[in-house]
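The values are calculated or read from the model by the stated rules, or taken from the named source; none is laboratory data. Being a predicted model, the structure only gives us computed values, none of them experimental. In this analysis, Cβ positions are derived from the backbone assuming ideal geometry, glycine residues included, and neighbour counts consider all displayed protein chains.
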Amino acid sequence: MKRRTLFTTGLGGVLAAATAGHAAADVDPMRGTGDLGLVIERAAGRVAVIETTTATRLFAVDGLGDLSHASAVFSRDGRFGYVFGRDGGLSKVDLLRGRLVARIIQGGNSIGGAISQDGRVIAVSNYEPGGVKLFDAADLSLLSEIAAIGADGARSKVVGLVDAPDGKLVFALYDAGEIWTADIDDPRAPVVQRYRDVGRLPYDGMITPDGRHYVAGLFGEDGVALLDLWKPEAGVRRILDGYGRGEEPLPVYKMPHLEGWASVGDLGFVPAVGRHEVLVVSMTEWREVSRIPVHGQPIFAVARPDGRQVWVNFAHPRNDVVQVIDVPTRSVIATLQPGRAVLHLEFTPRGERVWLSVRDADRVDVYDTRRLARVGSLSVDKPSGIFFTARAGRVGY
């Protein structure tokens, strides 16, 4: 079998020193955006604009601040990426021109954000000073702020912010132990619904692909909190309580990202906190149905778009391995060793390739998901998050 050679520099040529908006000369500004994406270069305060068809790097965009914990969302047409930085920075990047369009410092410590269902509003969740701020997606002007004041009257860090159907946002208050929804149909006057006493220290959250269920992980607790957005009057209930009961707890090196829940049909593949297991959960009855032993403590469990495979990466010190789970048999069918510090995985829109960031090797690897073999690499400075524009059409991404 002949393997296609993938370039390790943009468009088959050598990229010059990375500067804001620098690109190879033959990038077509009239191209579409469906195969574009961003790779976070966490140590350099920079993002690489890439395309997946030939696995090339198109642009390097500098000046995005502290990206040690960064994420991104995309405009509805996929042209603009909004990058949320650890330093409270919110940056708007033009993927077609490879330029930083706008950047503001909106808080002191931020860990994520979302874009509204209609694409008009960018929402940012903050550790410091806490709360959620809403910005106009066009020019990043401030529209309003939702102060996260818990029942005890104290400010709270906000985590797990996602967009939801019907023009809503959902997020968790880490310190207060609460989950809030916000109707932002009028983003200058959001309407908030509060759910109290959902559990201790909700540290992250995710929404199911159909936009119905919001799940918040609880730091240090053997269970998670669930809110049914179709039946909000029922309130929040606990699920998966005690999945580690009766077993010796392991040191937790890193809490799994809730976004890493892989949804396949009516099953969820869930990284078990502090355990060398992936839980298989019925997402109709919200109960555990089986467990899959894996290499280490899982961080992300990501489903291939067709649902046939789930790819899993792991916490330090066993983070040089990625395992592939076959969904029909619920078993590990491949153990790959890309290199130390595999931090993130992202599938191409139709799932024929998966991109892995290998931070300590300054490399992004591209794997063929049918043959389970590496087919190319890109040289990237300390890569972490990988985000493709296909996310623009998905709830909660």
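Observations on the model:
- Scanning region 64-86 for residues being at pLDDT 95 or above, over 21 Å from residue 33 (Cα atoms) and surrounded by fewer than 21 Cβ atoms within 10 Å (Cβ to Cβ) gives a total of 2.
- Pick from region 136-157, criterion outside any strand (DSSP E or B) and among the acidic types (Asp, Glu), ranking: nearest to the chain's Cα centre (by Cα): 139
- Qualifying positions in region 305-324 - under 21 Å from residue 386 (Cβ atoms) and either in contact with an Asp or Glu (Cβ under 7 Å, 6 or more places away or on another chain) or surrounded by fewer than 21 Cβ atoms within 10 Å (Cβ to Cβ) (or both): 305, 306, 307, 308, 309, 315, 316, 318, 320, 321, 324
- Segments classed as strands (runs of 3 or more DSSP E), wholly inside region 307-362, with at least 1 members that are under 19 Å from residue 69 (Cα atoms): 309-314, 342-347, 353-358
- Check on residue 237, assigned to a strand (DSSP E or B) and exposed (fewer than 14 other Cβ atoms within 10 Å of the Cβ): yes
- Condition check for residue 113: at pLDDT 95 or above, closer than 26 Å to residue 57 by Cβ, in a loop (DSSP other than H, G, I, E, B) and touching a Ser or Thr at 6+ places or on another chain (Cβ under 7 Å): no
- Taking region 42-61 as the range and being under 14 Å from residue 97 (Cβ atoms) and either touching a His at 6+ places or on another chain (Cβ under 7 Å) or not in a strand (DSSP E or B) (or both) as the test, the residues that pass are 59, 60.
- For region 62-81, the set of residues classified as assigned to a strand (DSSP E or B) and in contact with a Gly (Cβ under 6 Å, 6 or more places away or on another chain) consists of 71, 72, 74, listed by residue number.
- Residue list for region 84-95, filter: more than 15 Å from residue 387 (Cα to Cα) and either among the basic types (Lys, Arg) or in a loop (DSSP other than H, G, I, E, B) (or both): 86, 87, 88
- Filter pass, residue 355 being among the aromatic types (Phe, Trp, Tyr) and in contact with an Asp or Glu (Cβ under 7 Å, 6 or more places away or on another chain): yes
- Filtered residue count, region 158-188, keeping only those that are over 27 Å from residue 93 (Cβ atoms) and under 23 Å from the mean Cα position of the chain (by Cα): 11
- Residue 163 meets the conditions (1) modelled with pLDDT of 95 or more; (2) surrounded by 19 or more Cβ atoms within 10 Å (Cβ to Cβ); (3) out of contact with any Ser or Thr (no Cβ under 7 Å at 6 or more places or on another chain); (4) acidic (Asp, Glu) in every case but one. The failed one is (3).
- Subset tally (residues that are under 18 Å from the mean Cα position of the chain (by Cα), at pLDDT 95 or above and crowded, with 23+ Cβ neighbours inside 10 Å) for region 91-110: 2
- Residue match in region 348-358 (condition: among the basic types (Lys, Arg), surrounded by fewer than 16 Cβ atoms within 10 Å (Cβ to Cβ) and closer than 21 Å to residue 49 by Cα): yes
- Residues (of a type in the set (Gly, Ala, Ser), more than 18 Å from residue 46 (Cβ to Cβ), touching a residue at least 40 places away in the same chain (Cβ under 8 Å) and in contact with a strand residue (DSSP E or B) (Cβ under 8 Å, 6 or more places away or on another chain)) located in region 89-125: 112, 113, 114, 116, 123, 125
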